[in-house]
Amino acid sequence: MLTEQEKQEISEELKHCERPEAAAIEALRVVQKKRGWVSDASLRDVAAQLSMTPAELDAVATFYSFIFRKPVGRHVIALCDSMVCWSLGHDDLYKLISTKLGIGYGETTGDNRFTLLPASCLGACDRAPAMMVDDELFGPVTPETIDEILSKYS
Amino acid sequence: MEKMLLKRVDIPNANDIDVALKHGAYGALSAAFGMRPVDVVNEVKRATLRGRGGAGFPTGLKWELCARVPGSLKYLLCNADEGEPGTIKDRFILHQDPHLLIEGMVISGYAIGAERGYIYLRYEYPKAIGILEKAIEQAYAKGYLGKNILGKGVNFDLSVHRGAGAYICGEETALIESLEGKRGQPRIRPPFPASQGAWRKPTVINNVETLSNIPFIIGMGGDAYAKIGAETAPGPKIYGVSGHVNKPGVYELPMGTTLREIIYTHCGGIKGGKKLKAVIPGGASTPILTESHLDVKMDFNSLVAAGSMLGSGAVMVMDETVDMVNVAYVLVRFFAHESCGKCTPCREGTAWLYQVYTRLMHGEGKEGDIDLLLYICETVKGKCFCPLGEGAIQPVLSSIKHFRADYEARIKSGVVSH
């Protein structure tokens, strides 16, 4: 069940949209903001509010990299593995983070603190290698700064 | 050249409307409203402005096609889905001078007869969402957006629509699908968006940088604007430079500045005093060039003549230590991940390319792999629904063309180099 607040926030989004389904991404993000991911039950509830079928909404939800249809950790690390970040140290950075957290791409730490994902170009090539943690961009990320960055997230 | 597009970017807090107004924001609005919409279109045609997003389509022509379609409901969409690897330029305008973009959109909407605009913003620019929403709110409060702008009877409403991580949404018909709340997969054309775009209404989609040029074209006049930079496609251009250079960043220079000047004069040359090996001039989907191309002018026609493209003007520089098989692998991995899956040549082609490169990366390359890669490219070339597939084969073809020795060495030795 969606909370009253979630329903209210989705209604707000609908006001900006020409048609209800145009709010699909934002509505899914409303759910994801509190719950971290979009469960089948949440998907059905959101679809009903947008006058879409669950299948229509799931087609949208599964298309985009930053809508999660599986549980993720409390924080999501999106490490850029595109051209410039790769040429300036992505592979070493990945190994370092992976060793520190004990997880690879697509995995979540046992304490549910972090999920690690590869990201397509973050548009921060002038600050490569770059990564996002939740909604915050970091770069250039170095072996010296990585601990400090991760320590911000509990 | 005096900065135009990035003039206010260096001014602290220029994303606040009061600061922006002190430095000339919204100054071109009244001039534009004093002209007939058709004259605004003609001014942009006289400026011979070409789109800055990647395809380089003449902006004035695109507008004219939409303006001529009868009907009162039209849309103006700003493509702020800056996802082409290497491309960073629009971020600077979005973060530091959103009022330049808004001003450009109000004028553009007036020219084509659109009273509703959207900025389609990529998810990966989370900082930009707050800045844009605040800027739009301020513009409404000061009467630069909304009903009866400047008391001239012009209406224009604007809001931001965010994506959720999909490179393909930078393709204009995929962007429209995503805006409508669907999977971001391209539409078949025709009909072109100018006649049937968002919600099947006439629609113009322009890039952030393209729209940001409009106030200057109106302010100085199309003829004066056309005298800046390259004769065939003039104007200022924001080059975003990254990779193995000493000073990565954005540089606003006259269109047609040479790669050598950009890399060695403005960006301080190659990091660590190393030699340049390769450069991608316009983002991941533009063919790779070499040291022998350093004197090529960075404009649409000159780069095509040199066998590449201007694309988004995203210059990615690689030094002598880089192995081009690795580069092609990383680029192909990106395209294989971002292929939307709608058409077979792109979906399968990028996946097959990725398989062959994965083998090469594991030191398991075989005799004949170069020919196999070229064959797969042939099955993709000219057969895809949208430009993504065409872009995906460019790093393969150009790296084999210029750096075949890297491939031969990899296949022969089986050694993986990094």
Condition met for A:Phe63 (within 30 Å of B:Ala328 (Cβ to Cβ) and not acidic (Asp, Glu))
yes
Residue count, the range B:166-187, condition open to solvent by less than 20 Å² (accessible area, probe 1.4 Å), more than 10 Å from B:Asp81 (Cβ to Cβ) and not aliphatic (A, V, I, L, M), comes to 4
Of all residues in the range A:65-77, which are part of a loop (DSSP other than H, G, I, E, B) and open to solvent by less than 30 Å² (accessible area, probe 1.4 Å)?
A:Phe66, A:Ile67, A:Phe68, A:Val72, A:Gly73
Whether any residue in the range A:79-87 is modelled with pLDDT of 95 or more, under 30 Å from B:Val317 (Cα atoms), assigned to a loop (DSSP other than H, G, I, E, B) and assigned by TED's automatic domain parsing to the domain that holds A:Ala124 is what I want to check.
yes
Report the residue count in the range B:296-308 for those that are part of a loop (DSSP other than H, G, I, E, B) and either crowded, with 22+ Cβ neighbours inside 10 Å or of a type in the set (Ser, Thr, Tyr) (or both).
3
Find the residue count for the range B:98-133, including only residues that are closer than 30 Å to A:Met131 by Cβ, within 14 Å of chain A (Cβ to nearest Cβ) and not β-branched (Val, Ile, Thr).
13
Does A:Thr108 count as touching a strand residue (DSSP E or B) at 6+ places or on another chain (Cβ under 6 Å), among the β-branched types (Val, Ile, Thr) and open to solvent by less than 30 Å² (accessible area, probe 1.4 Å)?
no
Restricting the range B:322-333 to residues that are hydrophobic (A, V, I, L, M, F, W, C), open to solvent by less than 10 Å² (accessible area, probe 1.4 Å) and touching a residue at least 24 places away in the same chain (Cβ under 8 Å), the residue that is farthest from the other protein chains (Cβ to nearest Cβ)
B:Val325
What are the residues in the range A:118-148 that are open to solvent by 20 Å² or more (accessible area, probe 1.4 Å), within 11 Å of another protein chain (Cβ to nearest Cβ) and not in a loop (DSSP other than H, G, I, E, B), if any?
A:Pro118, A:Asp126, A:Arg127, A:Glu136, A:Leu137
A careful count of residues in the range A:31-64 that are open to solvent by 10 Å² or more (accessible area, probe 1.4 Å) and either closer than 17 Å to A:Lys15 by Cα or touching a residue at least 60 places away in the same chain (Cβ under 8 Å) (or both) gives 4
Taking the conditions exactly as written (more than 9 Å from chain B (Cβ to nearest Cβ), open to solvent by less than 80 Å² (accessible area, probe 1.4 Å) and on the phi > 0 side of the Ramachandran plot), does A:Gly102 satisfy them or not?
yes
Only one of B:Asp295, B:Asp319 is touching a strand residue (DSSP E or B) at 6+ places or on another chain (Cβ under 6 Å), more than 10 Å from every other protein chain (Cβ to nearest Cβ) and modelled with pLDDT of 95 or more; which?
B:Asp295
List, please: which pairs have Cβ atoms under 7 Å, are six or more places apart or on different chains, and start with a residue in the range B:115-135 that is closer than 20 Å to B:Phe156 by Cβ and end with one that is of a type in the set (S, T, N, Q) and surrounded by fewer than 23 Cβ atoms within 10 Å (Cβ to Cβ)?
B:Glu115/B:Asn155; B:Tyr118/B:Ser159
Log entry, pairs with first residue in the range B:300-314 being under 17 Å from B:Pro387 (Cβ atoms), second being acidic (Asp, Glu), beta carbons closer than 6 Å, six or more apart or on different chains, reads B:Ser312/B:Glu84
Lone qualifier among B:Cys386, B:Cys343 - being under 21 Å from the mean Cα position of the chain (by Cα) and surrounded by 19 or more Cβ atoms within 10 Å (Cβ to Cβ):
B:Cys386
Given the conditions (1) touching a helix residue (DSSP H, G or I) at 6+ places or on another chain (Cβ under 8 Å); (2) in a loop (DSSP other than H, G, I, E, B); (3) closer than 20 Å to A:Lys152 by Cα, and given that A:Ile103 satisfies all but one, which numbered condition is not satisfied?
(1)
Mind listing just one residue for me: the one in the range A:3-29 that is out of contact with any Leu (no Cβ under 8 Å at 6 or more places or on another chain) and open to solvent by less than 10 Å² (accessible area, probe 1.4 Å) and, of those, nearest to the other protein chains (Cβ to nearest Cβ)?
A:Ile25
Going by the conditions given, is B:Leu73 part of a loop (DSSP other than H, G, I, E, B), out of contact with any Pro (no Cβ under 6 Å at 6 or more places or on another chain) and open to solvent by 50 Å² or more (accessible area, probe 1.4 Å)?
yes
Cβ-Cβ distance below 9 Å, separation of 6 or more or different chains: which pairs start in the range B:42-69 with a residue that is at positive phi and end on one that is buried (at least 17 other Cβ atoms within 10 Å of the Cβ) and among the aromatic types (Phe, Trp, Tyr)?
B:Thr48/B:Tyr225; B:Gly56/B:Phe300
Which one is farthest from B:Gly341 (Cα to Cα) among residues in the range B:389-410 that are open to solvent by 30 Å² or more (accessible area, probe 1.4 Å) and in contact with a Leu (Cβ under 9 Å, 6 or more places away or on another chain)?
B:His402
State whether the residues of the range A:54-67 include one that is more than 8 Å from every other protein chain (Cβ to nearest Cβ) and in contact with a strand residue (DSSP E or B) (Cβ under 7 Å, 6 or more places away or on another chain).
no
Quick count over the range A:78-96, residues being buried (at least 22 other Cβ atoms within 10 Å of the Cβ) and away from chain B (no Cβ under 12 Å), is 2
Is it the case that the range B:348-370 has a residue that's more than 23 Å from A:Cys121 (Cβ to Cβ) and open to solvent by less than 10 Å² (accessible area, probe 1.4 Å)?
yes
For the range B:273-295, enumerate the residues that are among the β-branched types (Val, Ile, Thr) and surrounded by 23 or more Cβ atoms within 10 Å (Cβ to Cβ).
B:Val279, B:Ile280, B:Thr286, B:Ile288
Here the qualifying pairs (Cβ atoms under 6 Å; residues six or more apart or on different chains; first in the range B:251-262 and of a type in the set (A, V, I, L, M); second open to solvent by 10 Å² or more (accessible area, probe 1.4 Å) and not in a strand (DSSP E or B)) come out as B:Met255/B:Gly229; B:Met255/B:Ala230; B:Leu259/B:Val296
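The values are calculated or read from the model by the stated rules, or taken from the named source; none is laboratory data. In this text, all values refer to a predicted model and were calculated from it rather than measured experimentally. For neighbour counting, all protein chains shown are included, and Cβ atoms are generated from backbone atoms with ideal geometry for every residue, glycine included. Protein only, heavy atoms only, side chains kept; ligands, DNA and RNA dropped before computing areas. Shrake-Rupley method; radii C 1.70, N 1.55, O 1.52, S 1.80 Å.
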